[in-house]
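As C-alpha cells, the structure follows; a few thoughts come after it.
The values are calculated or read from the model by the stated rules, or taken from the named source; none is laboratory data. In this text the structure is predicted, and so the values were computed from the model without any measurement. In this analysis, Cβ positions are derived from the backbone assuming ideal geometry, glycine residues included, and neighbour counts consider all displayed protein chains.
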Amino acid sequence: MRKAAVSVTDLFEVSDSDTVWDAWLTAVNLLDMLENTHRIGKYYDFAQARDKIAKLCAIAEVHSIDRNIPCKCGLSDGEHSLLRRKMMTFFKLQVANLKHFVY
C-alpha cells in the first residue's frame, strides 16, 4: 500500500496550540532548510531574519513566555498574553513568508 506524500509546506505549520518555542523551532528549521538548499539569498535576507528571531526569543526568555516561571517585569497576565499573541503572529508570518520560497 502506498502512502500519500506530504508536502514540505505541510510540515512547517505554526498553530495557536504551539508554544513560542515550538513556533521558533519551526521557523528556524524552515529557515535553515531554505538557506542550505536554495540560492535565494539575493531575494531574502537570512541574517536579518535570524536577528529578528533572536531578538524575539530574547524577549520571550526575559518574560518567561510559555514557561512555568513567573515573570517579575511588572506586566499583567493580560499584557503577557498579548505579548505572546504578537510573538506567535510574528512566527506565523515568518513561516508563511518563507513558504513562498518552497514552491
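Summary of values
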item	result
Single residue of segment 1-16 satisfying the filter (in a helix (DSSP H, G or I) and not acidic (Asp, Glu)) that is modelled with the highest pLDDT	Leu11
Of all residues making up segment 21-80, the number that are surrounded by 14 or more Cβ atoms within 10 Å (Cβ to Cβ), modelled with pLDDT of 90 or more and among the hydroxyl-bearing types (Ser, Thr, Tyr)	2
Residues being of a type in the set (Asp, Glu) and either more than 21 Å from Lys86 (Cα to Cα) or touching an Asp or Glu at 6+ places or on another chain (Cβ under 6 Å) (or both) - total across segment 1-47	4
Segment 82-102 residues that are touching a residue at least 12 places away in the same chain (Cβ under 8 Å), paired with ones that are among the basic types (Lys, Arg) and surrounded by fewer than 12 Cβ atoms within 10 Å (Cβ to Cβ) (beta carbon under 7 Å, 6 or more apart)	none
